[in-house]
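To start, the structure itself, in structure tokens.
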Amino acid sequence: MPDLFSQTPRETINIPILDGELLLVKGFYGLEEANKLQQELTNGLDWQAKAIKIFGKEIMQPRLMAWYGEPDAVYTYSGTTFAPNAFTSSLLQIKTDIEAFTESKFNSVLANLYRNGQDSMGWHSDDEPELGRNPIIGSLSLGEERVFKLRHRKDKTLKMDVPLPHGSLLVMSGAMQHHWQHALPKSARVMSPRINLTFRQVLSY
Ligand SMILES: O=C(O)CCC(=O)C(=O)O
């Protein structure tokens, strides 16, 4: 249940952005629910260390990952193909809550576990063809607050930092993935773990 009995008020912020739509919902889950979900997902998901090839060399990605979804939601990301695990009950609950809020449907979720401040995600857009033309991405953050960075692909003066608190939901939609890239940089600060779930609708061809 999102935020019904918690003291954390839900706050929805429409972040003005050129060439896309960006919505941040602080307290999408209140503290107790967010803590519970973080613990369930930390213990219950099939976290994997994955390698990517850069200039022919295999290097480990600086985070753990897991892919869940309906059986045909096969997804290729950074040259890695993910066959989905079946949704767990926690993921199904979160999916239902985010679907109700966004009035959208999702058939898959990429889970990332940032173990500490040294784990990160490089610059990219969620623009794989299987996500369709203007995908809605529902991105839930649990755990340590990290900074989500955005930069416009053409106009290099357009940049934005969006801190993502525990229990918050970020919704990217419209033409965002065509015009913007995003990243989650490392931090020199000692940091506790953070889980991020990005719900997506993968089209099968
Ligand atoms: O951890 C985050 O907030 C970013 C995740 C992300 O960029 C992705 O899954 O494509």
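Every number in this text was worked out from the coordinates using simple rules, so none of it is lab data. Note that the structure is a prediction, hence the values are computed from the model and not measured. Please note: Cβ atoms are built from the backbone with ideal geometry, for glycine as well, and neighbour counts cover all protein chains shown.
Around Phe148, which amide H atoms from residues at least 5 apart in sequence, or from another chain, sit under 5 Å from its own amide H, with H modelled in the peptide plane?
Excluding prolines and chain starts, which carry no amide H, the hits are Val162, Leu164.
Counting other Cβ atoms within 10 Å of each Cβ, which chymotrypsin sites (Phe, Trp or Tyr not before Pro) in region 47-78 have at most 11 and sit in a DSSP loop? Please report the intermediate quantities before stating the final value.
Details: sites: Trp47, Phe55, Trp67, Tyr68, Tyr75, Tyr77; in loops: Trp47, Phe55.
Listed in order of number, the matching sites are Phe55.
Measuring from label point to label point, each 7 Å out along Cα→Cβ, what is the Gln93 to Gln48 span in nm?
With each label point 7 Å from Cα toward Cβ, the separation is 2.6 nm.
Between Asp19 and Lys105, what is the FRET efficiency for a Förster distance of 30 Å, r being their Cβ-Cβ separation, to the nearest 0.05?
Working: r = 24 Å, r/R0 = 0.81.
After rounding, the FRET efficiency stands at 0.80.
Build a GNM of the chain with springs between Cα atoms under 10 Å: which of Arg151, Arg115, Arg189 gets the top mean-square fluctuation?
Ranking Arg151, Arg115, Arg189 by mean-square fluctuation puts Arg189 first.
Which chymotrypsin sites (Phe, Trp or Tyr not before Pro) in region 102-162 sit in a loop by DSSP (not H, G, I, E or B) and have at most 15 other Cβ atoms within 10 Å of their own Cβ? Spell out each step's value before the answer.
On the way: sites: Phe106, Tyr114, Trp123, Phe148; in loops: Phe106.
Here no chymotrypsin sites (Phe, Trp or Tyr not before Pro) fit, given the DSSP loop and packing criteria.
What is the spin-label model distance, in nm, from Lys186 to Asn35 if the labels are put 7 Å beyond Cα along the C-beta direction?
For the pair Lys186/Asn35, the computed spacing is 3.2 nm.
Using only Cα atoms, locate the centre of region 104-123 and the centre of region 159-205, then give the distance between them in Å, rounded to an integer.
So the separation of the two Cα centres works out to 7 Å.
Under a 5 Å amide H to amide H cut-off, with H placed in plane at 1.01 Å, what residues pair with Gly20 once short-range neighbours are removed?
Amide H to amide H, under 5 Å and 5 or more residues apart or across chains, Gly20 pairs with Ala175.
In whole Hz, with x marking every Gly and Pro, tabulate ³J(HN,Hα) for region 103-108 from phi via Karplus 6.51 cos²θ - 1.76 cosθ + 1.60, θ = phi - 60°.
Result, rounded to whole Hz: 6, 9, 10, 10, 10, 6.
Distance between the C-alpha centers of region 49-99 and region 10-46? Whole Å please.
19
To the nearest 500 deg cm²/dmol, what mean residue ellipticity at 222 nm is calculated for the chain from DSSP H runs of n ≥ 4 alone, each contributing -39,500 (n - 2.57), summed and divided by the residues?
Taking each H run of at least 4 residues, the total per residue is -4500 deg cm²/dmol.
Could you tell me which of rounded, prolate or oblate describes region 116-203, using a ≥ b ≥ c as the square roots of the eigenvalues of the alpha-carbon gyration tensor, with rounded for a/c under 1.5 and, failing that, prolate when a/b is larger than b/c and oblate otherwise? Please list the in-between numbers first.
Values: a/c = 2.14, a/b = 1.39, b/c = 1.53.
Here region 116-203 falls in the oblate category.
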